[in-house]
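Have a look at the structure below, then the notes.
The values are calculated or read from the model by the stated rules, or taken from the named source; none is laboratory data. All of these numbers come straight from a predicted model, not from anything done at the bench. Here Cβ is always computed from backbone atoms with ideal geometry, including for glycine, and neighbour counts include all displayed protein chains. Note: areas computed on protein heavy atoms with side chains; ligands, DNA, RNA excluded. Shrake-Rupley method; radii C 1.70, N 1.55, O 1.52, S 1.80 Å.
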Amino acid sequence: MFLPIGMMICLTPPYPPSPLIESIEFDPPDRIILKAEGSDNWPITWGDDDCLYTAYGDGWGFEPKVERKLSLGLAKIIGFPPDFKGVNIRSPTGERTGDGPKGPKASGMLMVDGLLYMWVRNVGNSMLMWSEDHGLTWREGFRFRISFGCPTFLNFGRNYEGARDEYVYIYSQDGPSAYEPYDGVVLARVHKSRIREREAYEFFAGLDEEGRPVWTKEIRERRPVFVFSGHCERLDVVYNPGLKRYLMALGFNHKGGWGIFDAPEPWGPWTTAFFTERWDCGDTHSYRIPSKWISRDGRTFYLVFSGRGRYDAFCVRRATVKLRGDR
């Protein structure tokens, strides 16, 4: 049986109900798969070799665990739930140490044309890094100095297959920190051949009279692509090709308040597919939907999340989407 997750009572969703998705229901908590206990965070992307690439924070990764606690460690996931395996990737140039806000951590990952990109937070807003050998060695790139304190990539299919165009899209809560709630989410884009070049980035600046996105080179002219005053924390965005919808998993706090919002385009208009003030797993955060783990029809996916206590791990929970009109 599935456990329906009800709507929260005290807080009102910032957007109307989804016109397509009636509800999202999760497997019972006792069916959650936990691996890499003692580690959290888990930004994730689907690689060209069919593995999922991810990064963990404040922990020791998968078994056999690394000998030293890392604020940024790397790993890959082989297989499909429930029979998947996590393998640590050791990288002297990618690993970082520290604890909490003092330690650099990954906030977003993306593979494009065999190159692996990673956003790193807690380094003065955020910094871009990339690897040309599937995570073994890394190079540092530019840093955002305004906003984009915890950026994440919009993920499509394997090795960025199925992307809507030649651009890569980047979301972040509109502020410098990964530990504070903000009023909105901002969006940037860059041609996939120029991801390493800061001057190539454009920022969402609203919609024109015909509802088309306006882009600007000037980051100070940015406008929010999503607004939920005082409740925009860490997020992740993925395209669900079966439903032809973009799904934003957005945390409101570290107490299990979060939601999934859907849209027909990366910039909206957003509607509410799932919303809760206090999830049935307690203090959880960092919700991700790996594109590889979405069913062909889009109606089933596996959620990766983190938490505290028992859920301070690589947590995997199956979700079922009920569409409007389903019997």
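Take Val87 and tell me if it is open to solvent by less than 20 Å² (accessible area, probe 1.4 Å) and part of a strand (DSSP E or B).
Taking the combined requirement at face value, the residue does not satisfy it.
Got at least one residue in the range 176-193 being within 20 Å of Gly157 (Cβ to Cβ) and assigned to a loop (DSSP other than H, G, I, E, B)?
yes
What's the total number of residues in the range 140-162 that are touching a residue at least 24 places away in the same chain (Cβ under 8 Å), part of a loop (DSSP other than H, G, I, E, B) and out of contact with any Ser or Thr (no Cβ under 8 Å at 6 or more places or on another chain)?
2
All but one of (1) crowded, with 19+ Cβ neighbours inside 10 Å; (2) modelled with pLDDT under 95 hold for Tyr117; which doesn't?
(2)
Would you please list the contacts, defined by Cβ atoms under 8 Å and residues six or more apart or on different chains, that run from a residue in the range 53-64 that is surrounded by 24 or more Cβ atoms within 10 Å (Cβ to Cβ) to a residue that is at pLDDT below 95 and not in a loop (DSSP other than H, G, I, E, B)?
Within 8 Å, no pair qualifies.
May I ask you to say which residue of Pro14, Pro19 is farther than 22 Å from Gly251 by Cβ, of a type outside the set (D, E, K, R) and part of a loop (DSSP other than H, G, I, E, B)?
Every option except Pro19 fails the conditions.
May I ask you to list the residues in the range 5-23 that are modelled with pLDDT of 95 or more and surrounded by fewer than 23 Cβ atoms within 10 Å (Cβ to Cβ)?
Selection gives Pro13, Pro14, Tyr15, Pro16, Pro17, Pro19, Leu20, Glu22, Ser23.
Please work out which residue is surrounded by the most Cβ atoms within 10 Å (Cβ to Cβ), limiting yourself to the range 120-139 and to residues that are assigned to a strand (DSSP E or B) and under 17 Å from the mean Cα position of the chain (by Cα).
Going through the qualifying residues, I end up with Arg121.
Would a scan of the range 69-82 turn up a residue that is of a type in the set (A, V, I, L, M), out of contact with any Ser or Thr (no Cβ under 9 Å at 6 or more places or on another chain) and either open to solvent by 10 Å² or more (accessible area, probe 1.4 Å) or in contact (Cβ under 8 Å) with a residue 40 or more places away in the chain (or both)?
Among the residues of the range 69-82, at least one is of a type in the set (A, V, I, L, M), out of contact with any Ser or Thr (no Cβ under 9 Å at 6 or more places or on another chain) and either open to solvent by 10 Å² or more (accessible area, probe 1.4 Å) or in contact (Cβ under 8 Å) with a residue 40 or more places away in the chain (or both), which makes the answer yes.
Please indicate, with yes or no, whether at least one residue in the range 180-203 is among the basic types (Lys, Arg) and buried (at least 18 other Cβ atoms within 10 Å of the Cβ). Even if it seems obvious, please write down each step before you answer.
First, pick out the residues of the range 180-203 that are among the basic types (Lys, Arg): 189, 192, 194, 196, 198.
Of the ones still in play, those that are also buried (at least 18 other Cβ atoms within 10 Å of the Cβ) are 189.
Yes: one or more hits.
Yes or no: the range 35-48 includes at least one residue that is among the aromatic types (Phe, Trp, Tyr), over 19 Å from Gly108 (Cα atoms) and open to solvent by 10 Å² or more (accessible area, probe 1.4 Å).
So far as the range 35-48 goes, no, none of its residues is among the aromatic types (Phe, Trp, Tyr), over 19 Å from Gly108 (Cα atoms) and open to solvent by 10 Å² or more (accessible area, probe 1.4 Å).
Can you tell which of Tyr171, Tyr167 is out of contact with any helix residue (DSSP H, G or I) (no Cβ under 7 Å at 6 or more places or on another chain), among the aromatic types (Phe, Trp, Tyr) and open to solvent by less than 20 Å² (accessible area, probe 1.4 Å)?
Working: Tyr167 fails: open to solvent by less than 20 Å² (accessible area, probe 1.4 Å).
Answer to the selection: Tyr171.
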